[in-house]
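Notes follow the structure.
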Amino acid sequence: MGPGGYWRPTAAIKPGVIPLRPLGLGEILDGAFSTMRAHPKLMLGVAAIVVTIVQLLNLAATFPWLDDIRSVDPYATPDELLSTAGKSLAVSGIGLLLTIFSRVFLSGFVTLVVGKSVLGQPLTFGDVWTGVRPRLLPLLGLTFVYPAVAFGGAVVVGLLFVLAPALGVLAALGLVVVGIWLMIMFSLATPALVLENAKVGRAFGRSRELVRQTWWRIFGITLLAGVIAGFIALIITLPFQLFGGGFSNITSPEAIITTRYLLLTSIGAIIASTITEPFVAAVTVLLYTDQRIRKEGLDIELARAANQPR
């Protein structure tokens, strides 16, 4: 008998990127990288195209206002300062929306690629696009739940700061703790929505069912994957920031954001995101798969789907 009360033989079969049994940490991380190696065009190629488009649109939105944003006159009037702040917020808002839309697409796309790779099935872009296209709108709705909840919490904390600063500090700390707990509790909602064709509400419910009683394990693996992705991103982007004049922007009070700096850091961000975003999304899908194997005996169902004797 294995975890969850399902019978499993000692030797697990491996039709795809992971063995069909409960996974260890190393197997989850290796499975994510193995999927990227097995399907480089679908994982890295598609990510590179999407991330490049987002960065180019970001640059297009930033350049017209670059002179206003990077040069703040210390003697400017309140109206001028407000105008500059408004432009900065507009640029940041455009970047945030573009990032959300790109991650909605990439998370759905990568989820389907990894889900099929578990069975070792051949894949084409058309296959994945056909499967993920009907799920994009529900994915967008699911994704916007998070900033909506965060905004609501921030408004409440802001009001408390105004009315009672001490209580506001406590509320802010509590919001951070609750936010982390909710983020992990519902971290498997995207794979559930895509791979089970679940509705948004049901996807959140499925994530809660799968994470329950294993929150700390999911948290630890998710945190480790984030640290690995962050380290990879730092290694890649740091040289571009340095060649773009990153040190002078930090150390000199008169330094301004140059066009060279924006272009080089954008190139670095494209390369880094092309690797890290598929990796993090793949880890999430494999965590979802692992939890279903442990709690629901999904490995038996997957073995049958792979036409393997069990």
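The values are calculated or read from the model by the stated rules, or taken from the named source; none is laboratory data. Only a predicted model underlies this, so the values are computations on that prediction, with no experimental measurement involved. Here the Cβ is made from the backbone with ideal geometry for all residues, glycine too, and neighbour counts use every protein chain on show.
Can you find a residue in the range 133-156 that is part of a helix (DSSP H, G or I), touching a Leu at 6+ places or on another chain (Cβ under 8 Å) and within 27 Å of residue 15 (Cα to Cα)? Within the range 133-156 (the criterion being part of a helix (DSSP H, G or I), touching a Leu at 6+ places or on another chain (Cβ under 8 Å) and within 27 Å of residue 15 (Cα to Cα)), the answer is yes, since at least one residue qualifies.
Every listed requirement among (1) more than 27 Å from residue 282 (Cα to Cα); (2) at pLDDT below 80; (3) part of a helix (DSSP H, G or I); (4) of a type outside the set (Val, Ile, Thr) is met by residue 95 save one, (1).
Restricting attention to the range 18-53 and to residues that are within 22 Å of residue 103 (Cβ to Cβ) and among the β-branched types (Val, Ile, Thr), the residue that is surrounded by the most Cβ atoms within 10 Å (Cβ to Cβ) turns out to be 35.
Condition check ((1) at pLDDT below 80; (2) farther than 30 Å from residue 37 by Cβ; (3) not in a helix (DSSP H, G or I)) across all residues:
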residue: 47; (1), (2), (3): no, no, no
residue: 52; (1), (2), (3): no, no, no
residue: 63; (1), (2), (3): yes, yes, no
residue: 79; (1), (2), (3): yes, yes, no
residue: 91; (1), (2), (3): yes, yes, no
residue: 100; (1), (2), (3): no, no, no
residue: 106; (1), (2), (3): no, no, no
residue: 119; (1), (2), (3): no, no, yes
residue: 126; (1), (2), (3): no, no, no
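Residues that are among the hydrophobic types (A, V, I, L, M, F, W, C) and part of a helix (DSSP H, G or I) were ranked within the range 184-198; the one that is surrounded by the fewest Cβ atoms within 10 Å (Cβ to Cβ) is 185. Taken together, the residues in the range 286-299 that are touching a residue at least 12 places away in the same chain (Cβ under 8 Å) and out of contact with any Leu (no Cβ under 8 Å at 6 or more places or on another chain) amount to 3. Looking at the range 199-310, the helices (runs of 4 or more DSSP H) lying wholly inside it that each contain 1 or more residues that are modelled with pLDDT of 95 or more and out of contact with any strand residue (DSSP E or B) (no Cβ under 9 Å at 6 or more places or on another chain) sit at 200-211, 215-243, 259-296.
Reported count of residues in the range 15-43, each being within 22 Å of residue 122 (Cβ to Cβ) and either in a helix (DSSP H, G or I) or touching a residue at least 12 places away in the same chain (Cβ under 8 Å) (or both), is 19.
When each of 187, 207 is tested for being more than 14 Å from the chain's Cα centre (by Cα) and hydroxyl-bearing (Ser, Thr, Tyr), the lone residue that passes is 207.
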